[in-house]
Amino acid sequence: MRGPGTITATLAAAVRSCQDELLTAQPGGGRPEKTLREALPSDLAALGRGVRQRTVYEHTVRSHQPTLAYAEQIAQAGGEVRTLDEVFDRLIICDRRIAFVPDPGAERSQVALAIEHPGVVRYLAGIFDHTWKRAAPLRDAPGGRLPAELTDDVRRTVLRHMVNGHTDEAIAARLGMSPRSVSNHMRWAAELFGSRSRAQLAYLIARSGFLDERPSTGR
């Protein structure tokens, strides 16, 4: 499928034909309010037909009010929404029969692949199920702030990308957060490790084992 219009229309048709289960992974933080507004009627209609709907976002949507408002309506209708420190990539699976993924070799949102091979769809559904088990149920936090344990998850993800050589701007785009928020995490880490440069910080973090530690979330 090529072009945003064709992709959107094809996905909408697939959701309308969904009868049993709709699985969605949405990376990149909060989604545009217009996109959420357009998706809501078909998603609610699917839930009304008895379709089990599960969606995974990144933790950063917990401070994005349009996504929170959408998720609240989905939850009230019986859908399930969870968040994770980082979502692998966009994925939509209908009835474990057809899966939609972006073409990794093309410009994002311009080309998507519709996959119907049963073995490949089962494989992708297995990845989603594994991700779902690791994710935390979405609950509103006071003032739109992340709970402390999820802040730790986000911080580790930010620093992991920094150690791997990504810029603040690239990290922000991948995780759906502002470059300023990324810089704040970097500043916190520099003070903690006593670093005077980005290269030194990456070395100290990698050597310390900090990224290997996992906070307890009670899940």
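At-a-glance table
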read-out: All positions within segment 50-66 that are out of contact with any Phe, Trp or Tyr (no Cβ under 7 Å at 6 or more places or on another chain), open to solvent by less than 50 Å² (accessible area, probe 1.4 Å) and not β-branched (Val, Ile, Thr); value: GLN53, TYR57, GLU58, HIS59, ARG62, PRO66
read-out: Unmet requirement for LEU47, which otherwise passes all of (1) at pLDDT below 90; (2) buried (at least 17 other Cβ atoms within 10 Å of the Cβ); (3) over 18 Å from THR131 (Cβ atoms); value: (1)
read-out: Helices (runs of 4 or more DSSP H) contained in segment 1-117 and holding at least 3 residues in contact (Cβ under 8 Å) with a residue 40 or more places away in the chain, closer than 18 Å to PRO137 by Cα and in contact with a Lys or Arg (Cβ under 8 Å, 6 or more places away or on another chain); value: none
read-out: Whichever residue in segment 67-91 is open to solvent by less than 10 Å² (accessible area, probe 1.4 Å) and of a type in the set (Ser, Thr, Tyr) and, among such residues, is nearest to the chain's Cα centre (by Cα); value: THR83
read-out: Conditions (1) crowded, with 17+ Cβ neighbours inside 10 Å; (2) under 26 Å from ASP153 (Cα atoms); number of the one not met by CYS18; value: (2)
read-out: Selection count where residues are within 27 Å of ARG134 (Cα to Cα), among the polar types (S, T, N, Q) and touching a strand residue (DSSP E or B) at 6+ places or on another chain (Cβ under 9 Å), scope segment 10-44; value: 3
read-out: Scan of segment 166-183 for residues that are open to solvent by 50 Å² or more (accessible area, probe 1.4 Å), within 25 Å of ARG134 (Cβ to Cβ) and at pLDDT 85 or above, ordered by number; value: HIS166
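The values are calculated or read from the model by the stated rules, or taken from the named source; none is laboratory data. Source: prediction; values computed, not measured. Every residue, glycine as well, gets a Cβ built from its backbone with ideal geometry; the counts of neighbours run over all protein chains shown. The protein model used for the area step is the full one, side chains on, heavy atoms only, and it has no ligands, DNA or RNA in it. Shrake-Rupley method; radii C 1.70, N 1.55, O 1.52, S 1.80 Å.
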